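*Asks:* I am attaching a structure below and will ask some questions about it afterwards.
The values are calculated or read from the model by the stated rules, or taken from the named source; none is laboratory data. None of these values were measured; they are calculated from a predicted model. With ideal geometry, Cβ positions are generated from the backbone for all residues, glycine too; neighbour counts draw on all protein chains shown.
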Amino acid sequence: MALVFACTILGAAAQMLMKIGLDHLVHPGLLGYLTSVPLLGGYCLYGLNTVLMVFALRDGELSILYPIIALTYVWVTILSVLFFHESLNPLKLAGVAIVVAGVAVLGRGSKS
């Protein structure tokens, strides 16, 4: 479970790097995509995330572990507000609360 949780953080970091890379492309088109260090870093983190997720899901209960991945949305929302100064309105807060509540409910369901 801890490995899947760590993967949510890696996935969010990958998305942030990709956004930064796309926002600062030096060259348009394919050349820009292939030469953007943050973008390539984001792709590498996604690759690492995928490999770690394979190990995490191999021995775990899929119906419990997979919903934890939804926490990636929570981290991306928080990081977007902090780093990109995106707005956080009541609907976004409600969405984050629903995701967290859903993960908590599914986690509690695994103990019965």
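*Asks:* Residue under question is ALA13, and the condition is that it be among the small types (Gly, Ala, Ser) and either in contact with a strand residue (DSSP E or B) (Cβ under 8 Å, 6 or more places away or on another chain) or at pLDDT 90 or above (or both); does it hold?
*Replies:* On the way: among the small types (Gly, Ala, Ser): yes; either in contact with a strand residue (DSSP E or B) (Cβ under 8 Å, 6 or more places away or on another chain) or at pLDDT 90 or above (or both): yes.
Judged against the criteria, ALA13 is a match.
*Asks:* Considering every residue within the stretch 5-21, establish whether at least one is aromatic (Phe, Trp, Tyr) and touching a residue at least 40 places away in the same chain (Cβ under 8 Å).
*Replies:* Step one: list which residues in the stretch 5-21 are aromatic (Phe, Trp, Tyr), which gives 5.
Checking the rest, the ones that are also touching a residue at least 40 places away in the same chain (Cβ under 8 Å) come to 5.
Yes - at least one qualifying residue is present in the stretch 5-21.
*Asks:* Looking only at the stretch 47-79, filter to residues that are touching a residue at least 12 places away in the same chain (Cβ under 8 Å) and among the polar types (S, T, N, Q); which one of those is farthest from MET18 (Cα to Cα)?
*Replies:* Ranking the candidates gives SER63 first.
*Asks:* Please go through the stretch 17-70 and pick out each residue that is closer than 21 Å to VAL103 by Cβ, touching a Ser or Thr at 6+ places or on another chain (Cβ under 7 Å) and of a type outside the set (Asp, Glu).
*Replies:* ILE64, ILE68, ILE69, listed by residue number.
*Asks:* Suppose we filter ILE98, ILE78, ILE64 for residues that are under 12 Å from the mean Cα position of the chain (by Cα) and at pLDDT below 95; which single one remains? Show your work before the answer.
*Replies:* Numbers: ILE98 fails: under 12 Å from the mean Cα position of the chain (by Cα); ILE64 fails: under 12 Å from the mean Cα position of the chain (by Cα).
One residue alone meets the criteria, ILE78.
*Asks:* Does LEU3 meet the test of being at pLDDT 90 or above, hydrophobic (A, V, I, L, M, F, W, C) and farther than 11 Å from ILE69 by Cα?
*Replies:* Working: at pLDDT 90 or above: yes; hydrophobic (A, V, I, L, M, F, W, C): yes; farther than 11 Å from ILE69 by Cα: no.
It is false that LEU3 is at pLDDT 90 or above, hydrophobic (A, V, I, L, M, F, W, C) and farther than 11 Å from ILE69 by Cα.
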